[in-house]
Amino acid sequence: MSDTLGRLFERIDRLEERERFADALVAARRACALAPGEPAAWEARGEMALRSGELAESAESWDRLTRLEPGSAGTWFGLGEALQWNGRGDSDECFQRAAQLDPDGYVVPHRISPAEFEAIAGAVLPALPVQVVDFLEDTGTGIAALRLPAVAMVVESHLDPHALGYWLGNVYGVAGAWGLDNPAAIEIYQLNIENWCPDRATLTREIRRTVLHEVGHAVGMDHATLHVDGY
């Protein structure tokens, strides 16, 4: 690897850490132009393009990477995700290829209808402790089961495009603008969850775990605490 290319990768890493994804994408494009046969350059370009809302460029970058690394399961998974963001129906072929190449690391996703997904998610909240249910009702919180995060949330709010769910609202006991006029919400993302679930039982558990994870954030629990508790 040349010194120039190495410096470009260092710049991409620094910009990504600072969530300057559009600038990181510019650097990734330069890396691809400088070393078109370097897989790491195309992987960086694919991810930074996704985080910058350049969905077609992300898919094109991952597609190029599958030709450079046809035996990489992670590359095929990345292309599958990028195709989903572009509304492509052939994304599952990529996930199947990833599972064939690395059955311990990837799965053939189990798909269900949006209505089934929403019903499973909606059954979680009524079973929570009364105090938590009261808080969620007071803040007008509902569960929004979405296909994927909104592109605007990814680009403007730097939401991780691979996130399984997200809490929108004030933490319990913290005053703010959220309320019945500006409802809080738990968003969960169907495709991102399904991509890691090989069967309905696993999918049901993951939907429930994701909802409870976001409820945990709503009542003030951080990621470290949630992970210790299994969420």
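The values are calculated or read from the model by the stated rules, or taken from the named source; none is laboratory data. Keep in mind the model is a prediction, meaning the values are calculated, not measured. All Cβ positions, even for glycine, are placed from backbone atoms using ideal geometry, and neighbour counts span all protein chains on display. Protein only, heavy atoms only, side chains kept; ligands, DNA and RNA dropped before computing areas. Shrake-Rupley method; radii C 1.70, N 1.55, O 1.52, S 1.80 Å.
Looking at the range 126-138, is at least one residue polar (S, T, N, Q), modelled with pLDDT of 90 or more and not in a loop (DSSP other than H, G, I, E, B)? Talk me through it step by step, then tell me what you get.
Keep residues of the range 126-138 that are polar (S, T, N, Q), which gives 131.
Now drop any that are not modelled with pLDDT of 90 or more, which leaves none.
Looking for residues that are polar (S, T, N, Q), modelled with pLDDT of 90 or more and not in a loop (DSSP other than H, G, I, E, B), one finds none in the range 126-138, hence no.
Based on what the data block shows, is Y166 closer than 22 Å to G78 by Cα and modelled with pLDDT under 95? Judged against the criteria, Y166 is a match. Cβ separations smaller than 9 Å between residues 6+ apart or across chains give the following pairs from the range 73-87 residues that are in contact (Cβ under 8 Å) with a residue 24 or more places away in the chain to residues that are open to solvent by less than 10 Å² (accessible area, probe 1.4 Å) and not in a helix (DSSP H, G or I): F77/N195; G80/N195; E81/P161; E81/N195; Q84/N195; W85/P161. Taking the conditions (1) open to solvent by less than 20 Å² (accessible area, probe 1.4 Å); (2) hydrophobic (A, V, I, L, M, F, W, C); (3) without any contact (Cβ under 8 Å) to a residue 40 or more places away in the chain in turn, L50 satisfies each one other than (3). Being over 15 Å from G142 (Cα atoms) and at pLDDT below 90: is that true of V215 here? No. Every test in (1) over 28 Å from G105 (Cα atoms); (2) open to solvent by 60 Å² or more (accessible area, probe 1.4 Å); (3) aliphatic (A, V, I, L, M) is passed by L68 save one, and that test is (1). Annotation note: Cβ proximity below 6 Å between a residue of the range 130-153 that is over 25 Å from E116 (Cβ atoms) and a residue that is among the aromatic types (F, W, Y) (sequence gap 6+ or interchain) occurs for F135/Y172; T139/W178.
When each of F117, F77 is tested for being over 30 Å from A22 (Cα atoms), at pLDDT 95 or above and aromatic (F, W, Y), the lone residue that passes is F117.
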